[in-house]
Each structure stands twice: as structure tokens, then as C-alpha cells.
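Trainee: Structure in C-alpha cells, see below.
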Amino acid sequence: MSENSSRIIGKAKLMLMQDDITRQSTDAIVNAANSGLMGGGGVDGAIHRAGGPAIKEECKQIIAKIGRLDAGKAVITTGGNLPSKYVIHTVGPVWHGGSRDEPELLASAYRESLKLAAECKLRSVSFPSISTGAYGYPVAEAAEIAIETVVSFLRGMLVTLEEVYFVLFDTGTYRAYSSVLDKLVSKS
């Protein structure tokens with residue numbers, strides 16, 4: 001897992017890498033959570049297992065206060081035993097063919113996570129590929145939304161965020177994101 005690529009967008013570095021997000025030491029990692037915030041499969045389960053019980057306890061308190069977390073929204077907890085100090089939990093949309101506002105909800109999941117990182121004055125954040133696992137979002141379409149949303153945020157940003165990473169678990173996902181980033185940067 002050694003592939004990586006980076007670009008400077010505005011005042012921040014945007015990097016793609018193929019790796020395990022639970023090993024990242026950015027200020028926060030983003031969890032592609034389910035609306036109950038109690039862990040599950042894929043990246044969500046891996047983050048909860050690696051972070052330990054402190055994450056689940058904070059998630060329980062959040063759910064007791066707000067109820068289930070809607071798709072496109074984000075909340076923050078401790079990183080527990082993870083190298084990152086925080087976990088930003090966001091719920092991406094389940095893919096239904098694109099007819100149920102999935103692109104808007106996916107863009108919102110990235111944007112709300114970035115806003116939360118900025119509000120907490122974090123300098124670095126790592127994202128997985130949200131909604132492309134069990135939620136079935138096609139990787140190529142998800143990569144386009146993810147990269148465009150993050151690049152747009154970084155270009156308009158007047159905050160402390162210095163580094164944004166996409167930590168992609170497999171080669172196919174890495175290549176899809178890399179292709180979108182190359183096209184987007186060459187256009188500008």
C-alpha cells in the first residue's frame with residue numbers, strides 16, 4: 001500500500017493515499033458511519049474496533065441527545081485509542097440509482113465534515129471513500145463528488161485546515177480518485 005499523490009489547493013495540501021485509515025495520525029479521521037453511530041461493517045467497524053470503547057460511549061451520548069444522525073450530517077467524538085485525536089462521524093447516502101438526492105447527500109457528508117473540522121480548528125483530516133462499500137455508491141461517481149466538494153471547500157477556505165487526505169483502502173478506489181483529481185486539477 002504505497003501509492004500516493006498530492007496537490008496544493010488554495011493554502012492546503014490534498015493528498016491521496018492507499019492505506020488503512022485507522023493508522024492515520026491526522027488531527028481527525030472521518031468515519032463513514034451508519035445513522036445509529038454504533039459501529040458496523042467496513043471502515044465504520046474498523047474505526048470502532050481500533051478506537052476502543054470511548055468512541056462508542058460518546059456516540060451513545062450523541063444519539064441520546066439528537067436521535068439518529070441523518071445522511072449528509074456530521075458529529076465529532078474522541079479518537080479513543082486511535083492515533084488521531086478525533087473521529088468525525090458522517091452518514092453517507094445509500095445508493096438507489098441516483099434518484100433520491102444521493103449526490104447532494106454525499107457532497108453534504110464531505111462538506112459538513114470539513115466544516116466541523118474547521119470549527120474545531122483542526123489542521124488535518126483524513127477521509128475514506130464514503131458510501132462506496134456496503135451503501136453501494138459507484139466509486140467513480142463518488143470520487144468525483146468527493147474530490148470536487150473538497151477542492152471547492154479548500155479553494156474558498158479561510159480557516160486553519162492545512163492538510164486533507166483521502167485514505168483509500170484498495171487500488172481500484174485509489175485509481176478512481178487519482179483520475180478525478182488529475183482531471184480536475186488540469187482543468188483549473
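Coordinate-derived values only; no laboratory data. Remember, it's a predicted structure, so these values are computed and weren't measured experimentally. For neighbour counting, all protein chains shown are included, and Cβ atoms are generated from backbone atoms with ideal geometry for every residue, glycine included.
Trainee: Taking 8 Å as the Cα distance limit and 6 or more residues as the minimum spacing, I'd like the relative contact order of the range 4-187 as a percentage.
Mentor: Answer for the range 4-187 is 29 percent.
Trainee: Another one. Using the crude model of +1 on Lys and Arg Cβ and -1 on Asp and Glu Cβ, and no other charge, please compute the dipole size for the chain relative to its Cα centre, in debye to 20.
Mentor: Its charge dipole is roughly 400 debye.
Trainee: Pairs of lysines 8 or more apart, or on different chains, with alpha carbons under 22 Å: count those in the chain, would you?
Mentor: Summing the qualifying lysine pairs gives 21.
Trainee: Can you tell me, using C-alpha contacts under 8 Å and at least 6 residues apart, the relative contact order of the range 40-130 as a whole percent?
Mentor: Relative contact order, the range 40-130: 25 percent.
Trainee: Mean-square fluctuation check for the chain, GNM, Cα pairs under 10 Å: which of ILE66, ILE130, ILE147 is largest?
Mentor: Of ILE66, ILE130, ILE147, the most mobile in the Gaussian network model is ILE66.
Trainee: As a test, work out the antiparallel percent of DSSP beta bridges whose residues both lie in the chain, rounded to the nearest 5.
Mentor: The antiparallel proportion sits near 40 percent.
Trainee: Identify the residues of the range 145-183 with backbone N under 18 Å of a label point that sits 7 angstrom from the Cα of LYS85 along the Cα-to-Cβ direction, or state none.
Mentor: Output list for this probe position: 159-165.
Trainee: For ARG123 paired with GLU162, estimate the spin-label separation in nm (one decimal), with each label point 7 Å from Cα along the Cα-to-Cβ line.
Mentor: 0.3
Trainee: Running a GNM on the chain with Cα contacts under 10 Å, which residue among GLY40, GLY92, GLY67 ends up with the highest mean-square fluctuation?
Mentor: Comparing GLY40, GLY92, GLY67 in a Gaussian network model of the chain, the most mobile one is GLY67.
Trainee: Also: Return the calculated 222 nm mean residue ellipticity for the chain, to the nearest 500 deg cm²/dmol, obtained by summing -39500 (n - 2.57) across DSSP H runs with n ≥ 4 and dividing by the residue count.
Mentor: Mean residue ellipticity, 222 nm, calculated: -13500 deg cm²/dmol.
Trainee: Put +1 on the Cβ of each Lys and Arg and -1 on the Cβ of each Asp and Glu in the chain; which of VAL185, ILE145, ALA117 then has its Cα farthest toward the positive end of the dipole?
Mentor: Ranked along the dipole, the leading option is ALA117.
Trainee: Follow-up question, since we're still on this one. Tell me which trypsin sites (Lys or Arg not before Pro) from the range 44-93 have a DSSP coil assignment and no more than 14 other beta carbons within 10 Å of their own.
Mentor: Passing both the DSSP loop test and the Cβ count: ARG68.
Trainee: Then there's this: Share of Cα-Cα pairs in the chain beyond 21 Å, in percent?
Mentor: Within the chain, distances greater than 21 Å cover 44 percent of Cα pairs.
Trainee: For a quick check: with amide H placed at 1.01 Å from N, whose amide H comes under 5 Å from LYS73's, ignoring anything fewer than 5 positions away on the same chain?
Mentor: For LYS73, the qualifying residues are VAL91.
Trainee: Another question, then. Between PRO103, PRO93, PRO138, which gets the highest mean-square fluctuation from a Gaussian network model of the chain, Cα cutoff 10 Å?
Mentor: Of PRO103, PRO93, PRO138, the most mobile in the Gaussian network model is PRO138.
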